[in-house]
Structures are given as C-alpha cells and as structure tokens.
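Laboratory data are not the source of any read-out in this text; all were calculated from the coordinates shown. If you're wondering where the values come from, they're calculated on a predicted model, not measured in any experiment. Note that each Cβ is placed from the backbone with ideal geometry, even for glycine, and that neighbours are counted across all protein chains shown.
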C-alpha cells in the first residue's frame, strides 16, 4: 500500500514536531511531508511546505489532503504535529483495516467514546452524536479522500476552531461515512497547546489513556495467536484423492 503522510504544524511555545516525525519513522512510514503555518519551527522536517500567510487548521488540512491526492496514493495519513504514533503502526493498520471502514481514527483520548472492557481493535463510532476527538491522526483510502474533497472540502477549509468536531460531523452525517476508532489508542497526544484550538491549553483529558499501545507489534502478535488457536480447532475432513467416493444425489 502506497501512503502519503501529512503532518500539520503551527508555531508552539514547546515545539513537538521533531518527536512526532521520529515516531512516524518508527511506525513504518518514511515519506512524511510537513505543512506549516508561518513562523513554525520546521527544522526537523525533511520535506515541508511553509505557507506565506496563515491559513488556519481547516484550510491547511485540506491543502495537504489535496496535494497528497495529486500523487495518487492508495491511502493518506493526516496528523497533527503533537501526535506520537505507536511503533510498527503502519503494518498493523494495513493488516487490520476493517473492510467496512471509510475512515480510521488512530487516536483515542480521555474524552473519546466510553471504554469497552476487554475489547481491543477497531470500534465503530456513534455517528456525529458523540464527539470522539480523533482528528489528531486520521487514516483514509484515496477514494475516501477524493469524496471528502469533492463534497465537503470547501466547508472544511473554512473551519478555524474545533476542527475535530467539524470533521466528524461532515464525514458521518452528510456523507454517511463509517468511522472506526482504535481501542486502545495507537497514538499519544504530547502537546500542551493545540493547533486545532489555538490559544487553548489542554487538560489531561485530551491525553490517551495509560494503556495506549506504544508498539503495535504486540497487537499483531495477539492476532496471530488467535488465528493459530482457531486453526488448532479445525478438523481436516477432506477425503484422500484415491478414495472411493459416491456423488450426493
């Protein structure tokens, strides 16, 4: 699967971009491109676009999405610069992507959906009726991104505040897209200020819970173990090729 990884950044009192990009590499991606508001620290970026004027979160997000589509990827990962990805996240996402999912929220924070005991994996969100604050790290297939651009791009470009809320609302109800969020979180939120909500200091409720997955390899190992257990329970009922068989009917 060919990816484009977009990391959005803006000036911060405590820059987080270096740690974010390091986590992208450990997660398995190598082509992250940074989209920066004026005066943001982009010294850690290997590939970046610095805008000549401030766009705001919505316009910057859509600019990055549209430029990514020009490269005809299979999938796109949209991230904020204060997101830390789990190691080996790319392989896990590719192997576990639900067939029915249009969009994946990799982040699950303290203000997301109530935790479901003993459940690990992708869980469907409840449309737009309960905000799950997943815009910190969003994965989607290219066909989904094109539809977002065509049908909601102009509206999303105008969003200045509360982008995570607007994104969920625009995808869930008008477009009927199925959004899945991972439990536990595959991402940790390390910023103390927000580029989604400029000027806001973040409380601990916007952090991922203590059991966030720091290395997705453990999830893949658990999946493999479950598959092995299923295989052990199967019985081979096939007949030898030289057996004397009588057709049914």
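Under the rule a/c < 1.5 gives rounded, and otherwise a/b versus b/c splits prolate from oblate, where does the range 1-118 land using the Cα gyration tensor?
Cα axes put the range 1-118 in the prolate bin.
According to a simple spin-label model (label point 7 Å from Cα along Cα-to-Cβ), what is the distance in nm between residue 120 and residue 100?
For the pair residue 100/residue 120, the computed spacing is 2.3 nm.
Taking 0.36 nm per residue of separation and subtracting the Cα-Cα distance, what length does fully extending residue 70 through residue 146 add?
26.3 nm
Which length gain, in nm to one decimal place, applies between residue 1 and residue 54 when the Cα-Cα distance is subtracted from 0.36 nm times their residue separation?
15.8 nm
Within the range 17-33, whose backbone N sits under 17 Å from a point 7 Å along Cα→Cβ of residue 215?
Only 23-29 pass the distance filter.
Report the gain in length on full extension from residue 158 to residue 175: 0.36 nm times residue separation, minus Cα-Cα distance, nm rounded to one decimal.
4.3 nm
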